[in-house]
Amino acid sequence: MRNQTFLPIIKQHFQKLGTIALALILAICAGLVLAPAAHAEGRIRIAEQFGVVYLLLNVAQDQKLIEKEAKARGVEVQVEWLQLSGGASINDALLSGDIDIAGAGVGPLLTIWDRTRGRQNVKGVASLGNFPYLLISDNPKVKTIADLSDKDRIALPAVTVSMQARLLQMAAAKQWGKAEFNRLDKITQTLPHPDATAAIITGKTEITGHFGVPPFQEQELAANPNAHVVLNSYDITGGPSSATVLYATEKFRNENPKTTAAFVAALADAAKFITANPEAAADIYLRINKSNIDRKLLLQVIKNPQSTFKITPQNTFGLSQFLYAVGAIKNQPASWRDYFFDDAAIAQGS
């Protein structure tokens, strides 16, 4: 009797719970169907290194150009700026998710493009311009790379993988043959550009050479009477070429189309600003980098006719073929478009 008395009550209770549970499940399913895809629009973390080659980013930061371009696209963007040294550390930061945009040489880009193909699919977003990289030595005996010996030490951002390291390998291959492309690797040493510049200027360390970037190379030539140019990167690449570029993962680009578009547009704005206002651009460089470089020298660097501030990559394909030929990358690009994202803003690249 007692069980029969409570049975209808228990049954009614579970029926109510079933109705509530069903309603919750339907609501959740509807939410999953109707909710838009979760994008991270509105945040971008950019890693740069040292030198005038990053002036586009300096101007974009100072003038808040990314924020302006994003707002025009209906996005309020939070921009974070980081400064690292060396393509290896930049690539590690990108793959670990600590940054969204990496700033480094074409060499590091090709390395990470090759390693992430079919997975994270890292590709170039834009160039930062064409700049001659100079191999400087304070050893009076060194006139060409053929004069370098085991007693010399060449500072560069990252041994083996940095753009300077790859350029040196290209030069070695031209000098001694493809099989000897890494002949000079053993006398290279990883050192940030500011530290390498200080070493060349003082002449009191084991560093006898520095494969640098502007304006550090110009500072060395101006401050140390023994400092002289051994090699110009344009002589290695066969003319003006983009050495420093910006790149990202396919996931970030796909999930942040408006933010990415705003970033590229801001870089184009910065390039126009520098070309039209070199004096103001110099002041921005000094302010953003807290640099003590002589302003007159800095202006000479910015106005150097061999340097061009633009976002379209130029003359990068030769390096990609060299790296494949010597086994530094496993995948051979068919063109520069293989390792840059398809974007109308850089469609005329090479």
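The values are calculated or read from the model by the stated rules, or taken from the named source; none is laboratory data. Because the structure is predicted, anything quoted here is derived from the model rather than measured. Backbone-built Cβ (ideal geometry, glycine too); neighbour counts: all protein chains shown. Areas reflect the complete protein model, heavy atoms only, side chains present, ligands, DNA and RNA absent. Shrake-Rupley method; radii C 1.70, N 1.55, O 1.52, S 1.80 Å.
Quick notes
- Hydrodynamic radius (Kirkwood) for segment 79-189, which is based on Cα pairs only, to one decimal in Å: 15.5 Å
- Cα gyration tensor shape for segment 298-350, rounded if a/c is under 1.5, else prolate or oblate: oblate
- Expected-Rg normalisation [2.2 N^0.38 Å, Cα atoms] applied to segment 214-350: 1.24
- Per-atom-type breakdown for segment 65-104 gives carbon and sulfur 47% of the accessible area (1.4 Å probe, protein chains only).
- Mean separation of Cα pairs under 8 Å and 6 or more residues apart, divided by the residue count, gives the chain a relative contact order of 25 percent.
- For segment 89-170, the per residue solvent-accessible surface stands at 31 Å², with DNA, RNA and ligands left out and a 1.4 Å probe.
- Cα-based Rg of segment 208-261 normalised by 2.2 N^0.38 Å, two decimals: 1.78
- Convex hull of segment 150-205 built on C-alpha atoms - directionally averaged projected area, nm²: 3.9 nm²
- Nearby lysines by direct alpha-carbon distance to residue 178 (threshold 18 angstrom, same-chain neighbours under 8 apart not counted): 186, 330
- With θ taken as phi - 60° and the Karplus curve 6.51 cos²θ - 1.76 cosθ + 1.60 applied, the whole-hertz 3J(HN,Hα) list for segment 175-186 is 7, 10, x, 4, 5, 9, 4, 9, 4, 9, 4, 5 Hz, x standing for glycine and proline.
- If you run the Gaussian network model on the chain, springs between alpha carbon atoms under 10 Å, then out of 213, 142, 159 the most flexible one is 142.
- Charge dipole (Cα centre; +1 on Lys/Arg Cβ, -1 on Asp/Glu Cβ; no other charges) of the chain amounts to roughly 980 debye.
- Against the chain, whose longest principal axis is taken from its Cα atoms, helix 278-289 shows a tilt of about 70°.
- For the Cα trace of the chain, dividing Rg by the Kirkwood Rh returns an Rg/Rh value of 1.19.
- Spatial separation of Cα centroids for segment 207-246 and segment 108-185, in angstrom: 12 Å
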